[in-house]
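*Asks:* Got a structure for you, questions after.
Derivation of every value follows stated rules applied to the coordinates shown; laboratory data play no part. The structure presented is a predicted model; accordingly, all values stated were derived computationally and were not measured. Here Cβ is always computed from backbone atoms with ideal geometry, including for glycine, and neighbour counts include all displayed protein chains.
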Amino acid sequence: MTSPLTLTSALHLSLAIVFLALGSQSPLLAAAAPAWDLKDLKGNSVKLSDFKGKVVILDFWATWCPPCRAEIPHFIGLQEKYGKQGLVVVGVSVDEGGPDVVSSFVKANKINYPIVLGNLDVAQLYDATEGIPTTFVIDRTGNIVAKHLGFTDSDIFEKEIKSVL
């Protein structure tokens, strides 16, 4: 397993794309979401398979990213509203500062969903190296039904998850 992301430098170069992009097509759409096994902020293993049978919003993000930060309150609200119906938001942090930086941010922002520490291998598996946020909606059968590059309005995510809940 690679160390927590050295992807950040590449992501900095891609931020212009993030601010302009409203969405992105991906060869992964309608395909099975790639399996991953990452560490949470306490060092515990978290796998995509842990969420089998759930609708998953998988969000590649960083604490220093303004559009990522703007989406977080929406994800908190969606998790609150639809969690009991089978939604789980999973944040994949691409911060280079490690778990302490991310943990402080999570506490300060009262994030109510699992956060894992990403790596370049997983970002490449998901074709999530163009910029952040890059967010996927995965249906209950494990197939990717949507990919978004850049800030995406909460209404779009809500429409997509409601169609697969």
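*Asks:* Once amide H atoms are built 1.01 Å from N in the peptide plane, which residues 5 or more positions from Leu87, or in another chain, come under 5 Å H to H?
*Replies:* The answer is Val55.
*Asks:* Out of the trypsin sites (Lys or Arg not before Pro) in region 88-156, which ones are loop residues according to DSSP with at most 13 other C-beta atoms within 10 Å? List each step's numbers first, then the result.
*Replies:* Numbers: sites: Lys107, Lys110, Arg140, Lys147; in loops: Lys110, Arg140.
Loop-located and lightly packed - Lys110.
*Asks:* Another one. From a point 7 Å beyond the Cα of Asp121 in the direction of its Cβ, which residues of region 62-101 have a backbone N at a distance under 20 Å?
*Replies:* 91-99
*Asks:* Let me ask something else about it. At what distance in angstrom do the alpha carbon centres of region 97-127 and region 130-149 lie from each other?
*Replies:* 16 Å
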